[in-house]
Amino acid sequence: MVEKGSHSSNLRSKAEAKVGTSPLGGPELTMDKAKELMHELEVHQVELEMQNQELREAQHRLEDIRDQYTDLFDFAPIGYIILNKKGKVEKINLTACTLMGIDRTQIIKRPLSAFMSANEARVLFLKLQEAFQKGVLKPFELEINRNDSGSFPALVHGTISKNIMGQLQCRLSMQNITEVKQARILQRQHKALQNEKEKIQQYLDLAPIVFLLIDKDQKIQMINQKGCNLFGYERVELLGQNWFDFLICNENGKEDDSNQIEFERKIKLLSPALECKVRCKNGEELIMSWRNTTLLGKNGDQIGVLSAGEDITVRTKLEEDNQTYTANLELKIEERTKELIKALEAEKRINDLKSNFITIASHELRTPITIVMSSIILIERYNNLGQYEKSEKHIARIKSSVDHFVNILDDFLSLHQLDKGIIQINKEVFDLEPFVEGIVTDMKGLLKKGQHIIYTHTGSKKLNLDPKILRNIILNLLSNALKYSSDQVKIKSFLKKDNLKISIEDQGLGIPDEDQENLFTSFYRAKNVEHIQGTGLGLSIVQRYLELFGGNIKYKSVLGEGSIFTIEIPIY
Ligand code: ADP
């Protein structure tokens, strides 16, 4: 500001000099003239005071503007510094002081270069030198030290101008670009990462298996070309999609329970290995085997999953086919083994039959032949002596022995036919009652003294069955009952529309408990009948005939009390 006192005394002396040469001081000044002058002076004085007032007001306004400018200068969002030609700080605003962490008094009149490294100071020196020469300063960056600690990068703009004294000065604006620089670094890093990602993507695209990156929200962040090709999608169609919702086939059908689904999804993503079905764009379902790697963030929390997947549809199918094939093979082997065992058993039975036949033939067949031979010799003798009546008894014995012989041969023949499966069933309709009575009559020759047969029938009369086979069955059971007992034998028949039941009961020897389970085995005979003739074939033949009819045989026997054999045959 201009000093008020010196300025006004200066003006005073100039005014007095002017007044001294004025005609007002001359002797020719009249009273009227003087009054007129006085009036003029008063008007001027008032006019001057008014001008003074205006000036004072203008000065106040200027001071206000100056204060506003100072505030603007100090509180501007960027730092301002005015440097003289020597690079010393003439003025600095508060923002710049704050940026540099320094008080204004510590920097005024000091070189700005004192607040930076030697290198940076050199840059500033050269820039200023050029600017003062050319009158232009291009923007540049400086690393400026802070008074307290560290430094900050500043972007510097500047202009060259003259101060009121006409001296060159440089006005600088200074902006902290730490964040800009960090953003630039981040941008560069981001770009580098992007490049890395693209490189990885290129490598992964070459991989023959599916690679997939799923974020913590289960969204697909990355998928390689193999995955796109396999599932039939463009990459853009898959990126950002929920992995489970978009590609995974129904998850155990728990559509209603969203919590359960969410829980299971998390488990799946956490499990290192997983197999699941993926639905392709064309609707095809692929079985995929996945290996999962959990990706962890800095805090250790899960940020995603990297999955490597292999299409195992064909392999699984082959394995399944293999399993089915193996299972079938095992089944076939089992069946074949059973057949072989059966065949072996059959062969064994045939061998047993052969050896048993030899035993029976040597014993059972020899007996009737011996009887026949001895009877023939005796008949010859009686004939030579002319005692013909005595021969008749022996002729009867020969007949009976031949019958017995034929019966045994018949049994062998039946067994052979049953074994070969060459027995034919010839059904015909006949009356049951006279049929059984006929058998009873035929058997009378076997009755022991005091022995008789009682036959009763209940139910229907006619039936449709093979009479020859039925006769054979009844004959076998009835002859056993007569053979192994001395008292009466009861035969009962019950005929219903669809069922025939016949029971033959005696009060004879009975069968020992330990022999009962083997009664139906060919050639098996109980211990208590060794002294009675028999081949052990009858019951086994009966049982096999009944099997041909779809019927069965049951018995009850108590040793020493008797036995009851019951057959049942379904009638069609
Ligand atoms: P067998 O020619 O010896 O009579 P079967 O096969 O007819 O042969 O009978 C087998 C065995 O069953 C007989 O040897 C006998 O021990 C026993 N058995 C069969 N029926 C009777 C019965 N009614 N009473 C006692 N034992 C019987």
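Every read-out reported here was derived from the displayed coordinates using simple, explicitly stated rules and does not represent laboratory data. Just so it is clear, the model here is predicted, and its values are computed rather than measured. Cβ atoms come from the backbone with ideal geometry, glycine included; neighbour counts cover every protein chain shown.
For region 207-311, the number of Lys pairs separated by eight or more positions or lying on different chains, with C-alpha atoms closer than 16 Å, is 10. Across all directions, the average projected area of the convex hull around the alpha carbons of region 376-427 is 5.3 nm². Here the scattering of the chain is modelled by Debye summation over its C-alpha atoms, one equal scatterer each and no solvent; at q = 0.05, 0.07, 0.10 Å⁻¹ the log10 of I(q)/I(0) is -0.63, -0.82, -0.98. Report, in degrees rounded to the nearest 10, the 0 to 90 angle that the Cα long axis of helix 313-360 makes with the longest principal axis of the chain. Taking Cα atoms only, the helix is inclined about 10 degrees. Straightening the chain between Lys461 and Asp419 buys 11.8 nm, computed as 0.36 nm per residue apart minus the Cα-Cα spacing.
Dipole of region 67-171 computed with +1 at Lys/Arg Cβ and -1 at Asp/Glu Cβ about the Cα centre; of Leu128, Ala154, Ser117, farthest Cα towards the positive end is Leu128.
Round to the nearest 0.05 the FRET efficiency obtained for Ile532 and Gln323 when R0 = 56 Å and r is the Cβ-Cβ distance. Given R0 = 56 Å and the Cβ-Cβ separation, E is 0.40.
Using the average count of surrounding beta-carbon atoms within 10 Å as a protection proxy, the listed peptides 232-243, 302-313 rank, highest first, as 302-313, 232-243. Rounded to the nearest 10 degrees, the angle from helix 366-384 to the longest Cα principal axis of the chain is 10 degrees. Taking the C-alpha atoms only, the angle from helix 538-549 to the longest principal axis of the chain is near 50 degrees.
Spin-label model, Gln202/Met31: points 7 Å from Cα along the beta carbon direction are separated by 11.7 nm. Distance from a point 7 Å along Cα→Cβ of Ile303 to each backbone N in region 184-207: keep the residues under 19 Å and list them by number. 185-201, by backbone N distance to the label point. Provide the FRET efficiency to the nearest 0.05 for the Thr159-Gln260 pair, computing r from the beta carbons and using R0 = 51 Å. Using R0 = 51 Å, I get an efficiency of 0.10. If both residues of a DSSP beta bridge must be in region 423-570, then about 80% of such bridges are antiparallel. Computed from Cα atoms alone, the Kirkwood hydrodynamic radius reported for region 396-539 is 16.7 Å. In units of the compact-protein estimate 2.2 N^0.38 Å, region 317-469 shows a Cα radius of gyration of 1.77.
Between Glu547 and Glu334, the FRET efficiency from the beta-carbon distance, with R0 = 25 Å, is close to 0.55. For the pair Gln488 and Leu126, label points projected 7 Å from Cα toward Cβ lie 14.7 nm apart. Checking the cross-link pairs Lys354/Lys497; Lys393/Lys501; Lys199/Lys317; Lys332/Lys420; Lys448/Lys554 against a 32 Å limit on the alpha carbon distance flags Lys354/Lys497; Lys393/Lys501; Lys199/Lys317 as lying beyond it.
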